Every structure is written in C-alpha cells, then in structure tokens.
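Below: the structure, in structure tokens.
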Amino acid sequence: MANKMINFRNDYNSPGHPAVLRAVAECAGVKYPGYGTDAASERARSQIAGLLGPGRCADIHFLAGGTQVNLTALSAFLRPHEAVIAPGSAHIYVHETGAIEATGHKVLTVPPVNGKVRAEDVRAVCKSHTDEHMVKPRLLYISQTTELGTVYTKAELSSLREVCDVCGLLFYIDGARLGYALSSEYCDFELRELAGLADVFYIGGTKNGLLFGEALVICNLKLTSDFRFLVKQHGGLLSKGFLLGIQFTALLEGGLYFDLAKQANDAAAKLTEGLRNKGFSFLTETESNQVFPIVPEDAIKRLEENIHFEVWAGADEKGTPIRFVTTWLTTDEEIEAVLGMIR
C-alpha cells in the first residue's frame, strides 16, 4: 500500500459501478433511437418519477455533467436582466469558469454558514436590489450536499422555500452529491419531500456510480417550455442519449444509488472517527462523504507522497484544512493506511 497512491481527492475517480458497466455492455449489440427517446431512458424517467411520490408531475431530462446542467437550466429559467443568489462557495461561482456569468446572468453571493445559505441573507439581497438600475434577483441556488459536505435539514429547506415565495425567487438545488445527502444520518427527509420544496433539482450520477450523467428534474412545470430546444442549443442533447438512460436504470434498480452513497458515507465516518481518535480537529462536522481534518503544514508534503487529496482554504495557526472524499470503492485498508501516515 505504501508504494501505491491512495485516491481520496474526489468521488468521480473510477469508471463506474460494475452493475452500470454490465448494463451498458449487455446493450452493445442493440440499436436504439437517438436523443433520449428510447425505452431505457423512459424507464429511468419512470423510476425517478416513482421516487417523487404519487401524483407529482415533473419534466425529467438526462445530461452528461453538472456544469452542463447548471448552465443549461439557469440560462433557460432567467430573463436577461435576472440574477442568481448563491453562497460564496457555490460551484457555479467558484468552479464553473464563469459559465453562468458568460450567459449574461450575474451571481450574487451571500456568505455561507457551515456551507449553507440562510434565509435572512437571501432576504437581505432581495431588499438591497430595489429598481431597474440593478439586476433583479430571480433564482436561489444551493447545493445538497453543500461544498463542505454538510446537509440541509427539512426545516432549513422549508425556510428557504418560504423566503423564495416571499421574494419571488425560483428555488434550484444542485444535486451533484444528492445521494450522499439522502443517505446521510443527518438527513431528515426523503426525495419526494425535496421535490415538494424545490422548483428544480438534479440527481447526480457522475459522482455516485455512473460513467457520466445527471438527471434534471423540473418540478415547476411552468419552466418546461421549449427546454429540449435549449438543451440542444447548449450541446447537451446527446445523440447516444440512451447511454444515460441505460446507466440510470441500472443505478436506480433495487436502490443501488442509495446503497453506494451510504457506503461512501460510512467510510467517511470511519475515517473521521480514526482521525478524531488521533487528536485531529475538523473544519466542519462530517455529515456525508467529505472529511476536512486540520493538519500541521509540515504534514501536507508527507501525505502528498502517498495520498491524493485536496488542500482547502482557511489555513491559520491551528493548521491547514485538507479534504478527503470517500466513495463506494473506499476500503478499510485504505482508511487504515491513511491513518497510519497522518500525524
């Protein structure tokens, strides 16, 4: 193990779960209609619809990656003068190369608290944008889990839904790591309840068992007009869209999506317990599959010789936060190896 780099840098570091790969391989000789109009994609949509609860209608689209989903959806839902409210740590603000701003929509940030947006901060942004000389806040963007791996509770989501209703905002939830949130012991709601609170959210597959793929779920049917046109215009309408349907069908079959996420969360909890037993403190409590220990500066170079991880912002006299990300592939052996190296 000492001579092999251990990968804790992200949760998309493997091709995909064997069940997903088998499903794709088994269809190698089959010919499908293009652009997601096939039976496998329809079955995956039905599987997702079933998770939303009886009587709930939604428009479901499969796209290849999270940035593509965010760019396509937000630019579709906003008029030229309208803006997004998001935490300062938001993926669309920090890690998507200005994709949203490139479409002409400003991202208005609020300071995150433990990775989360607070309703009072959203309300303050809306109150400070008073007339046509400023952009008009129109959509609230959050991630579930957050960029710190923390999980919004039902009460917190309900509070954000309420402020969105008061301020005339759409509520959009980036679900790149939604499986980890729903499988967390800190989560007190089910997917159907989230669907009742959000106007739009997506179910991330790339970071939880798929080769690639995200499922965008538009719950507010007023937002669906011409959406496939816009997916096509943004390069998101894959000719081999059946590959997304096949993968999601396999991932959702028998609850595999949630099982994989729970495996990753359990691995993160084991790693956290081991680090805590060694005396380390953390940037934030571990609530899903991201672990943020604070380590001495001199330990980073030593760890980098054997472990792939990410150095996080916020170094101070206590040390430097680093990020470990676990997956369904993380083993006890890897965890023990890390615990043996870090000191």
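Observations on the model:
- Sequentially through the stretch 312-326, phi angles give Karplus couplings (6.51, -1.76, 1.60; θ = phi - 60°) of 9, 6, x, 5, 8, 5, 7, x, 10, x, 10, 10, 10, 10, 9 Hz, Gly and Pro residues having no value and appearing as x.
- Helical runs assigned H by DSSP (4 residues or longer) give the chain a calculated mean residue ellipticity at 222 nm of -11500 deg cm²/dmol, each run adding -39500 (n - 2.57) before division by the residue total.
- Ile307 long-range amide H proximity, modeled H, under 5 Å: Ile6
- Gaussian network model of the chain, Cα within-10 Å springs - most flexible of Ala90, Ala76, Ala215: Ala76
- q = 0.08, 0.14, 0.15 Å⁻¹: log10 I(q)/I(0) that the Debye formula gives for the chain, counting C-alpha atoms only: -0.39, -1.16, -1.29
- Close amide-amide hydrogen proximity is noted between Leu139 and Ala83, Ile85, Leu170, each under 5 Å apart and 5 or more residues distant or on a separate chain (H modeled in the peptide plane; Pro and chain starts excluded).
- Distance between the C-alpha centres of the stretch 130-207 and the stretch 221-298: 15 Å, rounded to the whole angstrom.
- Antiparallel DSSP beta bridges within the chain, as percent of all bridges there, nearest 5: 55 percent
- Those residues of the stretch 259-283 whose amide nitrogen sits under 17 Å from the label point placed on Ile300, 7 Å along Cα→Cβ: 281-283
- Centroid-to-centroid, using Cα positions, the stretch 300-315 and the stretch 40-57 are 41 Å apart.
- Cβ crowding within 10 Å, taken as a proxy for footprinting-reagent exposure, orders Phe282, Phe258 from fewest neighbours to most as Phe282, Phe258.
- Among Arg177, Arg123, Arg79, Arg45, sorting on how many other beta-carbon atoms sit within 10 Å of each Cβ, with the fewest leading, yields Arg79, Arg123, Arg45, Arg177.
- DSSP H segments from the chain that extend 30 Å or more along their own axis, Cα-based, with Kyte-Doolittle mean of -0.5 or above: 256-277
- Total charge dipole magnitude, the chain, about the Cα centre, Cβ charges on Lys, Arg, Asp, Glu only, Debye to nearest 20: 660 debye
- The stretch 18-255: relative contact order as a whole-number percent, Cα under 8 Å and 6+ apart: 31 percent
- Residues Glu285, Glu120, Glu82 arranged by fewest to most Cβ contacts within 10 Å: Glu120, Glu285, Glu82
- Summarising the amide proton neighbourhood of Asp174: residues at separation of 5 or more, or on other chains, whose placed amide H is nearer than 5 Å comprise Ile142, Ser143, Gln144.
- Applying a threshold of 32 Å to the alpha-carbon distances of Lys116/Lys278; Lys4/Lys278; Lys31/Lys154 flags Lys31/Lys154 as lying beyond it.
Values in this text are rule-based calculations from the coordinates and carry no lab data. This is a predicted model, so every value here is computed, not measured. Every residue, glycine as well, gets a Cβ built from its backbone with ideal geometry; the counts of neighbours run over all protein chains shown.
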